[in-house]
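Data first, discussion second: the structure below is written as structure tokens.
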Amino acid sequence: MDAEEDGLGAMVDAEPAAANGGSSRPSVSSEQMDVEAYAGLYSGRTKISRLLFVAERCGNQGMEIEALRMAYDEIKKGENTQMYREVVQKIGGRLGPQYEMDQAWVDTVDRRAELRKEKLENELNGYRTNLIKESIRMGYNDFGDFYYAHGNLGEAFKNYVRTRDYCTTSKHIIQMCLNVILVSIELGQFMHVSNYVSKAEQPPDVLDSVTVAKLRCAAGLAFLETKKYKLAARKFLETGPELSNNYTEVIAPQDIAIYGGLCALASFDRAELKNKVIDNINFRNFLELVPEVRELIHDFYASRYASCLEYLENLRGNLLLDIHLHDHVETLYSDIRHRAIIQYTHPFISVDLNIMAGAFKTSVSGLEKELEALITENQIQARIDSHNKILYARHADQRNATFQRVLQTGIEFDRDVRSMLLRTSLLKHEHNLRATRKL
């Protein structure tokens, strides 16, 4: 346990916003996002973190001010005075006197926090003196809740982890794991997320469907962060509709559709896309919440690439403002486009690059460069006629391949017959029986 706490080091004490991307990244302009509707999908600390992320990245002053205003109002409902000071500083008086520093509120909250902390310490010391395991567990848990509410995620993590030694039931273990997972996601420590998802799945008791859905989401986020898109897609696709709005402190149902859909398009082949996404009844419930993602998946499967890529471009601005997905948008879009190109060329012996460029809304020269890269990576078996702008597929010599298969079958048949004759001969001469008698 101590090793885990020490392993975090100074990293857990850093602001989680830094873990989700530094200020050096370029901002993006997005006129489409309804900040109020977006923030309404979430609750707790992640709601504030997402609003601050939008304010930092949007490149639109009106949207930035709106996000900061909503973050200010949300923080005033809690007790995180450090985050409050930061938001007030970012607002910089642009919202009038109503949104300036309320020092009286800060002093009151800090004073109340000191009294609460002192009380928790006295209670915990008493529990430890009396060696009451359940009370000690609850004491550490209360300390974790206290530090989490006040924005000290490093201390919250340590206290939640300490409850592990005092867990006496499977329910306690699951609660501990979910608490650690929540803080680890806020900190951007996704290695801990994966570890504690595995720990939560170990207890022998059958987990309820909501807890299972939460663990699938957490595992999906961990795989997404490490760019294991196929594994991430599987976890999001396995998430049941029971999740609903029960995990809004981490993720919204709409995010399941977006993350799962894009990761699947970037990593699944055509058969997997049909079986695991389009025909997945549970995932269909999530896709209904984001019609654009549903339509682009169907367009991709139906080879309507122009429409599919248009949906992707329309979503790009908002996805770049997503706290978990922003670093992966370009990679996912590139992988999806490459899969579309491969799927387009697969059925044909030759393809007119002019027609293909029109289907993908790009120039012929740009398409040639993309095809060259895919051919070099051995993802497309073809050659390009640059003069006539035609792509010719390199199909294997079917006649030669058939002869090779026949010869291999003959060799295998000969081997099997020889083995059978040898066994028959051994049985006929009672070789096994004689060997037994000698022993």
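Below are the figures for this structure:
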item	result
Qualifying residue in the stretch 185-199 (condition: free of Cβ contacts under 8 Å to residues at least 60 places away in the same chain and among the β-branched types (Val, Ile, Thr))	yes
Every residue from the stretch 54-87 that is farther than 21 Å from SER43 by Cβ and open to solvent by 20 Å² or more (accessible area, probe 1.4 Å)	GLY59, ASN60, GLN61, GLY62, GLU64, ILE65, ARG85
Criterion (among the hydroxyl-bearing types (Ser, Thr, Tyr) and modelled with pLDDT under 90) met by exactly one of SER244, SER198, SER194	SER244
Matching option when the condition is polar (S, T, N, Q), open to solvent by 10 Å² or more (accessible area, probe 1.4 Å), in contact with a helix residue (DSSP H, G or I) (Cβ under 9 Å, 6 or more places away or on another chain) and under 30 Å from ASN60 (Cα atoms), among SER303, SER386, SER307	SER307
Which listed residue, of ARG234, ARG164, is assigned to a helix (DSSP H, G or I), at negative phi and buried (at least 20 other Cβ atoms within 10 Å of the Cβ)	ARG234
Checklist (1) under 15 Å from the mean Cα position of the chain (by Cα); (2) surrounded by fewer than 20 Cβ atoms within 10 Å (Cβ to Cβ) applied to VAL250, failing item	(2)
The one condition in (1) farther than 24 Å from ALA264 by Cα; (2) assigned to a helix (DSSP H, G or I) that PHE348 fails to fulfil	(2)
Exclusive hit being open to solvent by less than 10 Å² (accessible area, probe 1.4 Å), touching a residue at least 60 places away in the same chain (Cβ under 8 Å) and not small (Gly, Ala, Ser), set LEU320, LEU312, LEU296, LEU325	LEU325
Residue check for ASP414: among the charged types (D, E, K, R) and either closer than 30 Å to ARG337 by Cβ or within 38 Å of the chain's Cα centre (by Cα) (or both)	no
Single match in SER267, SER303 (criterion: out of contact with any Pro (no Cβ under 9 Å at 6 or more places or on another chain), on the phi > 0 side of the Ramachandran plot and either modelled with pLDDT under 90 or of a type in the set (Gly, Ala, Ser) (or both))	SER303
Residue that is nearest to the chain's Cα centre (by Cα) [pool: residues in the stretch 167-198 that are under 22 Å from GLY154 (Cβ atoms) and open to solvent by 60 Å² or more (accessible area, probe 1.4 Å)]	MET191
Residue identified as on the phi < 0 side of the Ramachandran plot and at pLDDT below 85 among THR331, THR376, THR409	THR376
Qualifying residue in the stretch 255-271 (condition: in contact (Cβ under 8 Å) with a residue 12 or more places away in the chain, within 23 Å of SER184 (Cβ to Cβ), acidic (Asp, Glu) and touching a helix residue (DSSP H, G or I) at 6+ places or on another chain (Cβ under 9 Å))	yes
Verdict on ASP145 being in a helix (DSSP H, G or I) and either more than 24 Å from ALA71 (Cα to Cα) or in contact with a helix residue (DSSP H, G or I) (Cβ under 7 Å, 6 or more places away or on another chain) (or both)	no
Of the criteria (1) closer than 24 Å to GLY358 by Cβ; (2) surrounded by 11 or more Cβ atoms within 10 Å (Cβ to Cβ), which one LEU426 fails	(1)
Where a residue in the stretch 145-167 is more than 15 Å from GLU134 (Cα to Cα) and without any contact (Cβ under 8 Å) to a residue 12 or more places away in the chain and its partner, wherever it lies, is open to solvent by less than 40 Å² (accessible area, probe 1.4 Å) and assigned to a helix (DSSP H, G or I), with Cβ under 8 Å and at least six apart	ASP145/ALA156
Long-range neighbours under 9 Å by Cβ, at least six apart or interchain, first residue in contact (Cβ under 8 Å) with a residue 24 or more places away in the chain within the stretch 202-214, second crowded, with 16+ Cβ neighbours inside 10 Å and charged (D, E, K, R)	VAL212/GLU238; ALA213/GLU238
Residue that is farthest from GLN82 (Cα to Cα), among those in the stretch 116-152 that are open to solvent by 80 Å² or more (accessible area, probe 1.4 Å) and of a type in the set (Lys, Arg)	LYS133
Any hit, the stretch 351-365, residues being more than 30 Å from ALA55 (Cα to Cα), without any contact (Cβ under 8 Å) to a residue 12 or more places away in the chain and either in contact with a Leu (Cβ under 7 Å, 6 or more places away or on another chain) or not assigned by the TED database to the domain that holds ARG394 (or both)	yes
Filter result (open to solvent by 30 Å² or more (accessible area, probe 1.4 Å) and of a type in the set (Val, Ile, Thr)) within the stretch 259-293	ILE281
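The values are calculated or read from the model by the stated rules, or taken from the named source; none is laboratory data. All values reported here derive from a predicted model rather than from experimental measurement. Quick reminder, even Gly has a Cβ in these numbers, built from the backbone with ideal geometry, and neighbours come from all protein chains shown. Quick note on the areas: whole protein, heavy atoms, side chains included, nothing else; ligands and nucleic acids left out. Shrake-Rupley method; radii C 1.70, N 1.55, O 1.52, S 1.80 Å.
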